[in-house]
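What follows is a short report on a single structure.
Just so you know, all these numbers are worked out from the coordinates, no wet-lab data involved. Not measured: the values here are computed from a predicted model. For neighbour counting, all protein chains shown are included, and Cβ atoms are generated from backbone atoms with ideal geometry for every residue, glycine included.
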Amino acid sequence: MSSSPGAREDSPLSSTGGAVPQAAWRQRPERSNMLMLRVMTWISLRLGRSAGRCVLYGIAAYFLIANAAARRASRDYLRRVLQLPDTARVGWRHVFRHFLSFASTIHDRIYLINDRFNLFDIRVHQEHLVAELTAAHQGVFLMGAHAGSFEVLRAIGRRQPGLRVAMVMYEENARKLNAALSAINPTAQQDIVPLGHADSMLRVNDLLSTGSVVGMLADRRLNRDATRPIPFLGEPAEFPVGPFRMAAILRRPVFFMVGLYRGGNRYDIHFETLADFSSIAAGGREAAVQAAMARYALLLEQHCRAAPYNWFNFFDFWQADHPLPAANPVPPHD
């Protein structure tokens, strides 16, 4: 899925001045992000995590000043999650901390992809929900969000040698992630199933049937994907139906997963029961999908309130029909 003809990579407008028909979260500059990632990788792997983290403060400060769209989106979210009366109460230090948290998880990805798990204090909550399934070589379907770090899930895979972890994502984001992986560790291999192909669902089903863990981020839509308004942080937001319908069609139990960054070198991985579609009759599928979406939004809200600076959707999340032309302040968090 390439950018629209006549449109710059980093512009939300086409050459004729009309809006490019794509979701705001896809409108990100890529070349500068990849260069930044390569520079950060070089500094971090050679000079250590502490040296790399010093650079993050400068990066967060730069985007705090230069990226007005991301700053507005951050303030809007923080007003909601911190339950403040208006965005004027969201100070610069709040937004800076938000950007720094995002930059920190991207920076830590450098070490996680290079299997340097010993640098981190990773704590897993309710691991038993999925441990029994993985130990029995039964597939596990996880739904996460652009919150915290999904990359820390690799730490779970390390505890069970041979456990295969795959990600399902939009094709363009799959390309971006492959580029990011190549910049961080050219030898790294990650199973990615791109959406939009005739066999995408079959591939997911095959992975689950062979005992793999399959993860999907279920908080963003693509173009005209079907969505439903679900209450989230005090106001309805449009969530994509597709991930939940896929799980329902495949008749699989689904678990919510989030890896929250807690500062320093600590991450907390949380697993929650989301839905069990394995015994849902076809006639009750849509009602089950609706219930799963509502629970997903509720769990996501609870974890956002518990760790408010872990939300990494830097666009106007509550106005999907009128998206801001926002760009993430650092490389995309797929």
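Here are the numbers:
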quantity	calculated
Alpha-carbon centroid distance for the pair the stretch 127-165 / the stretch 242-318, whole angstrom	15 Å
Using θ = phi - 60° and Karplus 6.51 cos²θ - 1.76 cosθ + 1.60, couplings along the stretch 122-130 (whole Hz; Gly, Pro as x)	9, 10, 10, 10, 6, 4, 4, 4, 10
TYR62, TYR261 arranged by Cβ crowding within 10 Å, fewest neighbours leading	TYR62, TYR261
For the stretch 267-280, Karplus couplings with θ = phi - 60° (6.51, -1.76, 1.60), whole Hz, Gly/Pro x	10, 10, 8, 10, 10, 9, 5, 9, 6, 10, 8, 5, 10, 7
Interchain or long-range residues, amide H under 5 Å from MET167's placed H	ASP191, ILE192, VAL193, GLY215
Backbone N within the stretch 77-102 under 20 Å of label point (7 Å from ARG266 Cα along the Cβ vector)	97-102
